[in-house]
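A quick write-up on the structure given underneath.
None of the figures in this text is laboratory data; all of them are computed from the coordinates on show. Computed from a prediction, not measured in an experiment: that's the story for all the values here. Virtual Cβ from ideal backbone geometry, glycine too; neighbours counted across all protein chains shown.
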Amino acid sequence: MTILLLGSGGREHAFAWKMIQSPLCEKLFVAPGNAGTASIAENVAIAPTDFEAVKALVLKENISLVVVGPEDPLVKGIYDYFKNDESLKHIPVIGPSKLGAQLEGSKEFAKEFLIKHNIPTAAYDSFTAATVEQGCEFLETLQPPYVLKADGLAAGKGVLIIHDLEEAKTELRNMLVHEKFGAASSKVVIEEFLDGIELSCFVLTDGKSYKILPTAKDYKRIGEGDTGLNTGGMGAVSPVPYVDAVLMEKIETRIVKPTIEGFQKDGIEYKGFVFIGLINVKNEPIVIEYNVRMGDPETEVVIPRLKSDLVELFLSVADQKLDSFELEVDPRSATTIMVVSGGYPEEFEKGKVITGLENITNSIVFHAGTKLDNENVVSNGGRVLTITSYGDDFQQAIKKSYQNIDKLNFDKMYFRKDIGFDLI
Ligand code: AMP
Ligand code: GLY
């Protein structure tokens, strides 16, 4: 069959790498892709949110499965676009409906869903410009630090954690009245701060049943020791050593099951990934967010640990036969280290020639922000490449990634040297 994958990051390179290993995948298109996906599939210069262009490609190339990597096209309703189009409605899209994607597209929608279905989450209230003074009064009732969340998509930047009450009030006004995050902060969720260890749970659902995928932890801050600005993620480890069977059981019964049942009760069509962000407070897992896609770079450690055929897995989601699918997982650890452009997540330069890729052994290179410039692979984003390795434990795997990163070079290249530091 011919498959189309939407997106251009390391997550999509990892999906592509796994899908082309399937005997079911005769041809893979990636839109728009990167230099990594270009080496194993055919890139097409189409934006994932340009549904008309996606439709034209799907019809022209006789594509019979569409896999959506990032959240934007999902929140804009690509699932419904296919479902409501006579010529496309028989083609499965892996990803939730527009309504389901609101779990990531609106923090308030997610909070209402969590409360309605009795899923543990931090106490909260939400405010608009008209109720900004009530918001300030609500802040006075809370203990610091204060958690302010822009309701809409803000490219991962919309959450502020502030220790000082007056500063929190100022930022609340900036968000609501001065549009700090544009329309995304026209509504703000103020949430109780949860003190504990963060972890993520990845679930794939066909809307009726589900499979829990291997656990993974990412490292969001730019600096070593988890300091400095937030990024998309600087590295990841799977499995997470401290997630034991007891904790996993709690996550499944209190969070995953009620989430999938909630989709059914609320009539939310959902055939795709659910990425549940949790904080483990004294061994009680509490939800802080839903994402409606896989994490990046978590995908680059979760997908390499799947032994099952990914295309078969996606087809069982499309056909709602996931309950009879046997998910096979590699018992080894996988780790990935992200190599970024100097300056990221603030200003950085692109177009730097990357050398040494041909010398990598015993690791998998997933391209994140790269493109081909004549014969050269050049940087084309903040996060450039991620180096994934396997090991009997995560320390062994990480060592391999670092040994291989030493063979790579580009101007102002940067990476964190302490991924996994908190797991030892
Ligand atoms: P989110 O986009 O909701 O994942 O928030 C971004 C980051 O803010 C998370 O990865 C957490 O580190 C932190 N965070 C979000 N909500 C809370 C909360 N209620 N308590 C403590 N930290 C939080
Ligand atoms: N690595 C976190 C995310 O993909 O949102």
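Could you check how many percent of all C-alpha pairs in segment 6-63 are farther apart than 16 Å? In whole percent, the long-distance tail amounts to 39.
Structure remark: mean-square fluctuation, Gaussian network model of the chain, C-alpha springs under 10 Å; the largest value among I303, I20, I161 belongs to I161.
Take the convex hull of the alpha carbons in segment 264-376; its mean projected area over all directions comes to 12.0 nm². Placing a label point 7 Å from the Cα of E133 along the Cα-to-Cβ direction, no residue of segment 147-165 has a backbone N closer than 14 Å. Exposed loop sites here are GluC sites (Glu not before Pro) assigned a DSSP state other than H, G, I, E or B and surrounded by at most 16 other beta carbons within 10 Å; excluding them, the longest clear run of the chain is 87-178.
Under a straight-distance cross-link criterion of Cα-Cα below 25 Å, which lysines are reachable from K116, leaving out those fewer than 8 residues away in the same chain? Answer for K116, where 25 Å is the Cα cut-off: K76, K98, K107, K149, K187, K208, K211, K250, K257, K265, K271, K282, listed by chain and number. A viscosity of 1.306 mPa s and a temperature of 10 °C, combined with the Kirkwood radius over Cα pairs in Stokes-Einstein, give a translational diffusion coefficient for segment 42-120 of 116 µm²/s. Among 404-416, 207-219, sorting by the average number of other beta carbon atoms lying within 10 angstrom of each residue, highest first, gives 207-219, 404-416.
Residues R11, R305, R173 in ascending order of nearby Cβ atoms (within 10 Å, fewest first): R173, R305, R11.
Springs between Cα atoms under 10 Å define the GNM used for the chain, and in it the highest mean-square fluctuation of N43, N376, N280 occurs at N376.
Each Cα pair of the chain feeds into the Kirkwood radius, which the Stokes-Einstein equation turns, at 37 °C and 0.692 mPa s, into a diffusion coefficient of 149 µm²/s. Altogether, the Stokes-Einstein calculation at 10 °C and 1.306 mPa s, with the Kirkwood radius of segment 184-329 over Cα pairs as Rh, returns a diffusion coefficient of 97 µm²/s.
Panel order for Y124, Y270, Y344, by other beta carbons found within 10 Å of each beta carbon, from fewest to most: Y124, Y344, Y270.
Full extension of the chain between E224 and K407 gives 63.8 nm of extra length, using 0.36 nm per residue less the Cα-Cα distance.
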